[in-house]
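In what follows, a structure is listed as structure tokens, so that the remarks can point back to it.
The values are calculated or read from the model by the stated rules, or taken from the named source; none is laboratory data. Computed from a predicted model, the values in this text were never measured in an experiment. All Cβ positions, glycine included, derive from the backbone under ideal geometry; neighbour counts span all protein chains shown. When the accessible area is computed, the model is the full protein with side chains, heavy atoms only, and any ligands, DNA or RNA have been set aside. Shrake-Rupley method; radii C 1.70, N 1.55, O 1.52, S 1.80 Å.
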Amino acid sequence: MARSALEPKLKMLPGAARGRPQPAQLMLDAAPIPLLLIEKGGLILQYNPAACAWLGPLSDPPTGQNLWQLLEGSAADPEPSTPGRPPLGSLRNLTLAGQQVDLQCSPAAAGTDQCVVVITSAAERQRAEQRISRLVGYDNLTGLPNRSLLADRLQQALVLSRRKGEKLAVLQLDLDHFKDINNSLGYSFGDALLQLIGQRLGGMVRQTDTVARVGSDEYAILLNGISSDQQVAGVARKLLGQLRQPFLLEERQLYLSCSLGVAMYPEDGETVEGLLKGAEQAMGLAKAAGGDSYRFFSEELDAQATRNLQLANDLHRAIELNQLQVHYQPQINLKSGRISGVEALLRWSHPKFGAVSPAQFIPLAEENGTIRQLGEWVLRQACRQAKDWQLRQEGLRMAVNISPSQFRLADFDQLIAQVLAETELDPAQLELEITESMLMHDVDRTRQLLQRIKQQGVSLAIDDFGTGYSSLGYLRHFPVDRLKIDRSFVSEIEECRENAAIVQAVISLASNLGQEVVAEGVETEGQLNFLRQQGCEEVQGFYFWRPQEANALSALL
Ligand code: C2E
Ligand code: MG
Ligand code: MG
């Protein structure tokens, strides 16, 4: 084999037979990686051809030179002075022959003080690191760190905080009703908006903090060096306030809000997983409270999460164990003063937790799929009951709440037809309550589905009207019979001018579109009088009746 020009300069491995090169030597020569064998103190004993590029001009053979001296002027000091021992491990960003290099030093044969050094280009390593971190560490859309990079930084921050005895905070931020924006304005608009939001968030924290995008409309923020809960509360309030400022995009002005959850180290968790989970749970609470707010993680919150887990699990058998009941709340026609309809509202008495509110368990049932079974059960019960009441009051309307996942069933209209046939209820007596966001999703399919339901003679109401994002222009494309003004507007109708104005506007909008209006949550005479003056036809609320058991209502009818 032809030896390289460097042959005379290569020292043999210790113990190598003279004359014929040993396999180990051949391997060393052939290795494409720059390798050196040095002695304690840095004396170069051996090197391979690939290392020559880093070791300066060949006229000046490096064997016999001191590696640490060649590295002189490096920004990082390789600490060659440790008596009797070469430095082990990796040394980064040293200058060798005018270039930035990294060294990886590992012990050579046992019993010697020699050490094998691998030289790599620091610039190349940095480029690779950047490429990898772009690939695995950053979100494509916003360029912000993604969940795995956030977890990494959080891990490092935890080590530092532990050492310094400092607190840190993890904030999970979830946009309220972002799906509605995607559904109504399109995904590319939604994407552009997510970018703007990322920029706005990024501009609001210190450089040492991390803003990451951790889900489709979810961001997480890591705040280091925190002194108190109040400080974090201040940041949370600032973030909420900033997100409330309008976003300008494609000549539109958009108003957003978000729900924020906070988990703190060390109080709420000491691990990456624990803190991220805690912040997410706290965010869920803020969302459940109506959004546009922040919540701290707490033990109470943790207990609630455990309870929800059990509830979700127990929902599967709630029907068969006879734990469910339907209550009915009357709707009163203000002109005739009579009960014109009732709304069916599901009740669950849980053996351990007692009466559980549908506001709590319906979202759980949505999540684990049991809502389809529950919804169908309510529909049957309600239709049967309406048929029964038909004799007492002709034409009494039965309103049944429909959840988004029931609505998404391919054969939803057939289910309605089947239940109507089974119970022999006049379809004109059945009304389905759906929400605005259900309309905005997949508009064409929704319109066709609603039309098929309408053709059966069933009527349609929009529940919680005013809380969603539906554009009023949309409304006339759907065959809707009734708008139910959300309780939140009614409750402050007397104190809050804006709410009064909204209620007025909805009533006049509905009358222009030929739709009727029901005001929900009427609790006082004052509210009732205002609604009457505005020409509202129907009301529903505790002022008249709370939801009742069927028997109690039978007596009324
Ligand atoms: P919703 O459909 O908007 O029902 C009205 C809610 O407001 C009911 O709460 C009712 O008890 C309450 N309410 C009525 N009048 C007043 C009032 O004057 N003051 C106050 N403070 N509250 C009043 P409920 O029964 O707890 O139900 C909560 C929500 O759970 C319902 O809101 C509905 O979205 C959902 N839900 C209830 N039953 C079903 C069901 O069978 N299927 C589905 N998918 N959702 C249901
Ligand atoms: Mg309802
Ligand atoms: Mg409602």
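Points to keep in mind about this one:
- Of the strands (runs of 3 or more DSSP E) lying entirely inside the stretch 433-531, the ones with 1 or more residues being among the small types (Gly, Ala, Ser) and at pLDDT 95 or above are found at 459-465, 516-519.
- Checking each residue in the stretch 203-217 for being surrounded by fewer than 19 Cβ atoms within 10 Å (Cβ to Cβ) and in contact with a strand residue (DSSP E or B) (Cβ under 7 Å, 6 or more places away or on another chain) picks out VAL205, THR208.
- Within the stretch 480-506, if we keep just the residues that are closer than 26 Å to LEU449 by Cα and open to solvent by less than 30 Å² (accessible area, probe 1.4 Å), the residue that is farthest from ligand 2 (Cβ to nearest atom) turns out to be VAL506.
- Residue selected from the stretch 287-331 under the condition away from ligand 3 (no atom under 16 Å from the Cβ) and in contact with a Gly (Cβ under 6 Å, 6 or more places away or on another chain), by the criterion nearest to GLY269 (Cα to Cα): PHE297
- For ARG372, the conditions (1) open to solvent by 10 Å² or more (accessible area, probe 1.4 Å); (2) modelled with pLDDT of 95 or more; (3) assigned to a helix (DSSP H, G or I) are fulfilled apart from (2).
- GLN373 vs. criteria away from ligand 3 (no atom under 16 Å from the Cβ) and in contact (Cβ under 8 Å) with a residue 60 or more places away in the chain: no
- Here GLN406 passes the criteria (1) within 14 Å of ligand 2 (Cβ to nearest atom); (2) in a helix (DSSP H, G or I); (3) open to solvent by 50 Å² or more (accessible area, probe 1.4 Å) except the one numbered (3).
- LYS335 satisfies every condition listed in (1) closer than 26 Å to SER488 by Cβ; (2) open to solvent by 60 Å² or more (accessible area, probe 1.4 Å); (3) in a strand (DSSP E or B) except (3).
- Only residues that are more than 9 Å from ligand 1 (Cβ to nearest atom) and touching an Asp or Glu at 6+ places or on another chain (Cβ under 9 Å) were counted in the stretch 320-347, giving 12.
- Residues that are in contact with a strand residue (DSSP E or B) (Cβ under 7 Å, 6 or more places away or on another chain) number at least 2 in the following helices (runs of 4 or more DSSP H) confined to the stretch 87-201: 122-132, 147-164.
- Exclusive hit being open to solvent by 20 Å² or more (accessible area, probe 1.4 Å) and either touching a residue at least 12 places away in the same chain (Cβ under 8 Å) or among the β-branched types (Val, Ile, Thr) (or both), set GLU422, GLU394, GLU433: GLU422
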